[in-house]
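Coordinate-derived values only; no laboratory data. Predicted model, so just to flag it, every value in this text is computed and none were measured. Heads up, the Cβs are rebuilt from the backbone with ideal geometry, glycines too, and the neighbour counts pull from every protein chain shown.
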Amino acid sequence: MSSIRRIKPLDFGAEPMVIEVGPSHPAMHGITRFQMQLDGEVILSMDPEIGYLHRGFEKEAENSRWHQIMPYTDRLNYVSPLINNVGYALAVEKLFGVEAPTRAQYARVIMCEISRITDHLTCNGASAMEVGALTVFLWFVKAREYLWELVEEVTGARLTTNWARIGGNANDLPQGFLEMLEERLALTEQTVVEGETLILRNKIFLDRLKDVGILSKERSIEHGFTGPLLRAAGVPYDIRREDPYLVYDEMDFEIPVGTTGDCLDRFLVRQEEIRQSIAIIRQAAAKMPPGDFHCRDRRVWVPEKRDTYGNIEGLIDHFKIIMDGPKPPPGEAYFPVEGGNGEVAFYVVSDGGGTPVKCRVRPPCLNYVAAMPEMCVGHYIADIVPIFGSINMIGGELER
């Protein structure tokens, strides 16, 4: 671990101060509290406390039908909700033994990568703003807006998407979407380059992030890190490559890695991942096959309105799916996907009924918050802001 930014406290014979940061501090998002001992402004110890926003996702899931859980997954990581939608759908599809049609899988890849880009833009923009670079935040939010408008075209919403379905998607990509997609990707690329040009040679920004919040490769693995934080420490682990799902095995993309594992590496890894996600989206759009947006397995398929209102079979199927819900066979399934923040995984257990016995989610940023003391001790109290910003703590995901 680098000692460049670790500060050795001076011994003035004074007692350490106990200072609490959060939950009302703006950088703590109103839901996290750090109790610290300080020697002057140097952090001697830190005790993170969560629990201010417990959503009870898992208990909600146990009292909801399989398809009713989908909107709840939006609220886990609400910055990249489509990845949560798809991850949950894949876990339940594994229970059923069904697979979404190929076109639906390509559409899922496109929408998940759009979500990943918006997640990284939000994290890096907010991280820059919190150390004084407000302009970069505004530019990155502008780029995010280009993509959120695409999400709205497909799902009808910008944040709470509720788009994936067990066995496919709620609808196909709208007409003209792929042409609009390329236009928005080009605008996003341009805005990202503008932001980097402004900030990556700024001495204040670099001094606030470089050699701050270092966690070594070995300690990152021991803490259970995944996603951009693990890759920033030098570990090229990405579920899309290590355990491919959907059609990621047909995509050509690189896995960006850092060398130091500090806040600057985390920023740069996310920036490069934005470019890689754009490359994946373009490949998926170019290879998009014809076909259906949902499998027609009657155990999970909700009939179209013309069938529901037009024939008795469609009406019966609709009534059974909506009132009783899909009923997967007894068993259990675990399915991990590469979320914007790291490995998001759903573990679902069925007893053959219309509601799950268990629906457990692995939230990646829980591990990051647990490692905050190791990343912060020895730094100044002001360094908490860039370190905490670099881990991209999302409240709904942390306190599921």
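Quick notes
- Cβ-derived FRET efficiency at R0 35 Å, ARG219 paired with LEU198, nearest 0.05: 0.60
- Relative contact order (percent, whole number), the chain, Cα cutoff 8 Å, 6+ residue spacing: 26
- Between the stretch 144-171 and the stretch 74-110, the Cα center-to-center distance that results, in Å: 12
- Anisotropy class of the stretch 79-181 from Cα gyration tensor, a/c 1.5 cut: prolate
- Loop-resident trypsin sites (Lys or Arg not before Pro) (DSSP state other than H, G, I, E or B) in the stretch 163-234 with no more than 11 further Cβ atoms inside 10 Å of their Cβ: ARG201.
- Theoretical ellipticity at 222 nm over the chain - DSSP helices of four or more residues, -39500 (n - 2.57) apiece, nearest 500: -14500 deg cm²/dmol
- Taking a straight Cα-Cα cut-off under 27 Å and skipping sequence neighbours fewer than 8 places away in the same chain, the lysines within cross-link reach of LYS287 are LYS94.
- Stretching the chain fully between ARG241 and GLU254 yields a gain of 3.7 nm (0.36 nm per residue, less the alpha carbon separation).
- By the beta-carbon count within 10 Å of each Cβ, the least crowded to most crowded order of THR188, THR197, fewest first, is THR197, THR188.
- Mean Cβ count within 10 Å, highest first, over the residues of peptides 132-143, 48-59, 257-268: 257-268, 132-143, 48-59
- Placing dummy labels 7 Å off each Cα toward the beta-carbon, the span from GLU99 to GLN190 is 4.1 nm.
- Extension gain from GLU153 to LEU44, taking 0.36 nm per residue of separation minus the Cα-Cα distance: 34.2 nm
- The stretch 283-308 and the stretch 321-400: distance between their alpha carbon centers, rounded to Å: 28
- Rg over Rh [alpha-carbon atoms, Kirkwood Rh] for the stretch 192-280: 1.02
- Reach of LYS210 by Cα under 29 Å, taken over lysines that are not fewer than 8 positions away in the same chain: LYS8, LYS142
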